[in-house]
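Data block below; observations after.
The values are calculated or read from the model by the stated rules, or taken from the named source; none is laboratory data. Just so it is clear, the structure is predicted and the values come from calculations on it, not from any experiment. Cβ atoms come from the backbone with ideal geometry, glycine included; neighbour counts cover every protein chain shown. Note: accessible area is taken over every heavy atom of the protein model, side chains too, but ligands, DNA and RNA are not part of it. Shrake-Rupley method; radii C 1.70, N 1.55, O 1.52, S 1.80 Å.
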Amino acid sequence: MRKLTYSMNLSADGYIAAAGDDIGWSAPSDELFQWWLEQEQSNSLSLYGRKLWETMSSYWPTADQQPNAAPAQIEFARNWRDTPKVVFSSTIDKVDWNTRLVTGDATDEISRLKTEDGGPMSIGGATLAWAAMRAGLIDEYALVIHPVLTGGGTPFFTALTTWVNLDLVETRTFQGGVVLTRYRVRR
């Protein structure tokens, strides 16, 4: 069974975006960007909700062509284009860059994808991740916590109907006081 990881930048009070979808507080240091690159390179499939897809696809397809692009950004852009992706949305009708669109039930499709042969998958986008979380489909959580309080916005976690017990598998501190905590779901 393929592993599914939900990882995002989040504020110390648990939000992946402040009010108005503001993520300006989450700009990564070079060290953290390198970690994100390594995470993306280890995935065989990326699952996106519509909003995150629109954010990523508005920048990364051509980010390596920007005049001041750092080597890690160039590699991230190339990897992003090459990695197979699935976008879950009922409001868009076209996707590009090695991507497939799913308009049906997300949890059914994610369950099917988990049973296929292949390497690890990542999931991003709050609404999509919440559906997978409530269905018990996420195997690992990576919380990249920035030292900022936003006071509201889009939370990383959603309300659950049952507890999810976790085992801590990694902690790491990055430049600027950013802390990674990675947990595996205890099954």
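Summary of packing: across the peptides 105-118, 44-57, the per-residue average of other C-beta atoms within 10 Å ranks them, highest first, as 44-57, 105-118. Only alpha carbons enter this Debye calculation for the chain, each as an equal point scatterer, and the log10 of I(q)/I(0) it gives at q = 0.08, 0.16, 0.17 Å⁻¹ is -0.24, -1.09, -1.25.
Using a probe of 1.4 angstrom and keeping all protein chains present, the accessible surface of the chain works out to 52 square angstrom per residue. Cβ-Cβ distance of Asp30 and Tyr59, R₀ of 22 Å, FRET efficiency by 1/(1 + (r/R0)^6): the value works out to about 0.80. Taking 0.36 nm per residue of separation and subtracting the current Cα-Cα distance, fully stretching the chain between Lys3 and Asn98 would add 32.1 nm. Maximal additional length on extending the Arg112-Glu38 stretch stands at 24.1 nm, based on 0.36 nm per residue less the C-alpha distance. For a straight C-alpha distance cut-off of 16 angstrom, the lysines reachable from Lys3 (same-chain residues fewer than eight places away being disregarded) are Lys85, Lys114. Rounded to 0.05, the FRET efficiency of the Arg78 and Gln175 pair, given R0 = 22 Å and the Cβ-Cβ distance, is 0.35. Spin-label pair Thr161-Leu149: with each label point 7 Å from Cα along the Cα-Cβ axis, the two points sit 3.5 nm from one another.
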